[in-house]
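Peer 1: After the structure tokens below, expect a handful of questions from me.
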Amino acid sequence: MPEQPADGATNAAWFERARRVIPGGVDSPVRSFSAVGGVPYTVVRGDGAHVVDVEGNRYIDLVQSYGAVLLGHGHRVVTEAVTAAAAAGTTFGAPTPGEVLLAEAICSRVPGCDQVRLVSSGTEAVMSAVRVARGFTGRDVVVKFDGCYHGHSDALLAGGGSGVATMGLPGTAGVPRSAVADTLVVPYNQVPELDERVACVVVEPVAANMGLVPPAAGFLQGLRQACDAVGALLVFDEVITGFRIGPGGASTLFGVRPDLWCFGKVIGGGLPVGAFGGRAEVLSVLAPQGPVYQAGTLSGNPLATAAGVAVLDAVTPDDYRALAQRVQRFAAELEAAVSDAGLPVQVPAAGTLLGLFLAEGAVTDHASARAAVEQGRYPSFFAAMLRRGVALAPGPYEVLFVGLAHRQDDLDQVVAAAAASAAAVAAGR
Ligand SMILES: *Cc1c(COP(=O)(O)O)cnc(C)c1O
């Protein structure tokens, strides 16, 4: 039931206003409803696992800012940290203790990651990591995997997942050929042949932007060996998996150590942060010590670092274990509910992450993910869930984010809504 809207505002009216002054009405294409139809709900606030829109509708939120929010919306420790930091000044252009604390929090939790440099988004993190890899190796070629998303920098958009996949874009409009000339796109879950032109291999260790596609047994180890054989660097883009899939991220979970890590999302507690890091020897190429330039006026911003430290300090290894168990059970229940209602379904899960494909047939890479999505059931399922008060991401290539704020009761409600929604979709309603 909608809570009473304060001012009679509607989602349609806000979206109309947005479309006049913001291209497509959204500041990031994944937020648009172009893949699912209808008008986006405009959020006024969130608490814990829920968001509330301008009409007063309350949803169980499985978007969680695409994974940026691990503790849930409006969590006290984040709010207090940000408030205190803001009162002391929002940015200085000088070193601050907060950035040291966040860098220490990251490095102390990720074995092998000696140093990190903070930036303001995941896009910047991966873009900068690639620059370091090129500077360190003196080579140009970057290998990435089809369906993995590494932010919207020119060189890495090719074969991108997430919104690039949802919009069916080749990923290169507005990107000159020259910018992607040294980007090789290869299929996920197959170890590619490398040679001595390759500066780095960039990979999502658990692919989470073409739905959820876990790494096949031996894939990450195989990448490590292939890189070592030709002197290329291995870059793990842990912008989603970092501090979500477990306290040490995917590198710890799978026991494969990359040369460079990229972080974002969780480490900012909902504020704009990214980080790239690795061995001190590799990072020594960065200015001011070395010749690779990389910078940012707001990098290591005091509000963002305060929020990030608050989150990392609040979450214990036991929290991750409990969350992973809750997610595994939820994935099984969700799959059973949808399947019993008569829809083909797969709910892949890896640690605390889960995905949803409304199709049969194993999904192991972008081609099989696309084949599943092209069966076309997601838009009507999405709409049916939203009517029942459950907010999934408005695109079929996104994963479901269950965080520490989701109570068992919330997840039970999602499963019940999924059963009813699947029955409605199966009946063609
Ligand atoms: C979200 C994401 C990015 C980009 O991060 P932004 O903060 O949106 O720039 C990069 N890599 C992966 C794996 C992501 O999921």
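Peer 1: Is there a residue in the stretch 249-263 that is out of contact with any His (no Cβ under 8 Å at 6 or more places or on another chain), within 12 Å of the ligand (Cβ to nearest atom) and outside any helix (DSSP H, G or I)?
Peer 2: So far as the stretch 249-263 goes, yes, one or more of its residues are out of contact with any His (no Cβ under 8 Å at 6 or more places or on another chain), within 12 Å of the ligand (Cβ to nearest atom) and outside any helix (DSSP H, G or I).
Residue by residue, here is whether (1) within 19 Å of Gly67 (Cβ to Cβ); (2) within 17 Å of the chain's Cα centre (by Cα); (3) outside the structural domain of Glu333 (by TED's automatic domain parsing); (4) not in a helix (DSSP H, G or I) holds:
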position	(1), (2), (3), (4)
Glu360	no, no, no, yes
Ser368	no, no, no, no
Ala372	no, no, no, no
Ala384	no, no, no, no
Leu404	yes, yes, no, yes
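Peer 1: Right, another one. For the stretch 182-238, name all the residues that are under 19 Å from Arg279 (Cβ atoms), open to solvent by 30 Å² or more (accessible area, probe 1.4 Å) and assigned to a loop (DSSP other than H, G, I, E, B).
Peer 2: Passing the criteria: only Gly231.
Peer 1: Do we find a residue being modelled with pLDDT of 95 or more and assigned to a loop (DSSP other than H, G, I, E, B) anywhere in the stretch 317-338?
Peer 2: No: the stretch 317-338 contains no residue that is modelled with pLDDT of 95 or more and assigned to a loop (DSSP other than H, G, I, E, B).
Peer 1: State all residues of the stretch 406-429 that are of a type outside the set (Gly, Ala, Ser), in a loop (DSSP other than H, G, I, E, B) and either on the phi > 0 side of the Ramachandran plot or modelled with pLDDT of 95 or more (or both); if no residue qualifies, say none.
Peer 2: His406, Arg407 - these are the residues of the stretch 406-429 that are of a type outside the set (Gly, Ala, Ser), in a loop (DSSP other than H, G, I, E, B) and either on the phi > 0 side of the Ramachandran plot or modelled with pLDDT of 95 or more (or both).
Peer 1: Sticking with this one: Kindly indicate the residue of the stretch 58-113 that is of a type in the set (Phe, Trp, Tyr) and away from the ligand (no atom under 16 Å from the Cβ) and also nearest to the chain's Cα centre (by Cα) among those meeting that condition.
Peer 2: Looking only at the stretch 58-113, we keep the residues that are of a type in the set (Phe, Trp, Tyr), and these are 59, 66, 92.
In the following step, the residues that additionally are away from the ligand (no atom under 16 Å from the Cβ) were identified as 59, 92.
Values: Tyr59: 20, Phe92: 29 Å.
That would be Tyr59.
Peer 1: Let me ask you something else. Pairs needed: first member in the stretch 80-105, of a type in the set (D, E, K, R); second member anywhere, modelled with pLDDT under 95; C-beta distance under 7 Å; at least 6 residues apart or different chains.
Peer 2: Listed pairs, sorted by first residue: none to list.
Peer 1: Test Leu271 against the stated conditions and say whether it is more than 22 Å from Leu411 (Cα to Cα), open to solvent by less than 20 Å² (accessible area, probe 1.4 Å) and hydrophobic (A, V, I, L, M, F, W, C). Full working, then the answer.
Peer 2: Numbers: more than 22 Å from Leu411 (Cα to Cα): yes; open to solvent by less than 20 Å² (accessible area, probe 1.4 Å): no; hydrophobic (A, V, I, L, M, F, W, C): yes.
Spelling it out, it is not the case that Leu271 is more than 22 Å from Leu411 (Cα to Cα), open to solvent by less than 20 Å² (accessible area, probe 1.4 Å) and hydrophobic (A, V, I, L, M, F, W, C).
Peer 1: When you go through (1) within 16 Å of the ligand (Cβ to nearest atom); (2) under 30 Å from Gly37 (Cβ atoms); (3) over 15 Å from the mean Cα position of the chain (by Cα); (4) at pLDDT below 95 one by one for Ser162, which number turns out not to apply?
Peer 2: Only one criterion is unmet by Ser162, namely (3).
Peer 1: For residues in the stretch 114-159 being assigned to a strand (DSSP E or B) and open to solvent by 40 Å² or more (accessible area, probe 1.4 Å), which is nearest to the ligand (Cβ to nearest atom)?
Peer 2: Among those residues, the one meeting the criterion is Arg117.
Peer 1: Do you know which of the residues in the stretch 11-41 that are β-branched (Val, Ile, Thr) and open to solvent by 40 Å² or more (accessible area, probe 1.4 Å) is farthest from Asp412 (Cα to Cα)?
Peer 2: Val21
Peer 1: On to the next question. State whether one or more residues within the stretch 78-98 are in contact with a helix residue (DSSP H, G or I) (Cβ under 8 Å, 6 or more places away or on another chain), outside any loop (DSSP other than H, G, I, E, B) and modelled with pLDDT under 95.
Peer 2: no
Peer 1: Here's something else I'd like to know. Any idea how many residues of the stretch 346-362 are open to solvent by 20 Å² or more (accessible area, probe 1.4 Å) and closer than 19 Å to Gly395 by Cα?
Peer 2: Total meeting the criteria: 4.
The values are calculated or read from the model by the stated rules, or taken from the named source; none is laboratory data. Given the structure is predicted, the values throughout are model-derived calculations rather than measurements. Cβ atoms come from the backbone with ideal geometry, glycine included; neighbour counts cover every protein chain shown. Surface areas here come from the heavy atoms of the whole protein model, side chains and all, with no ligands, DNA or RNA. Shrake-Rupley method; radii C 1.70, N 1.55, O 1.52, S 1.80 Å.
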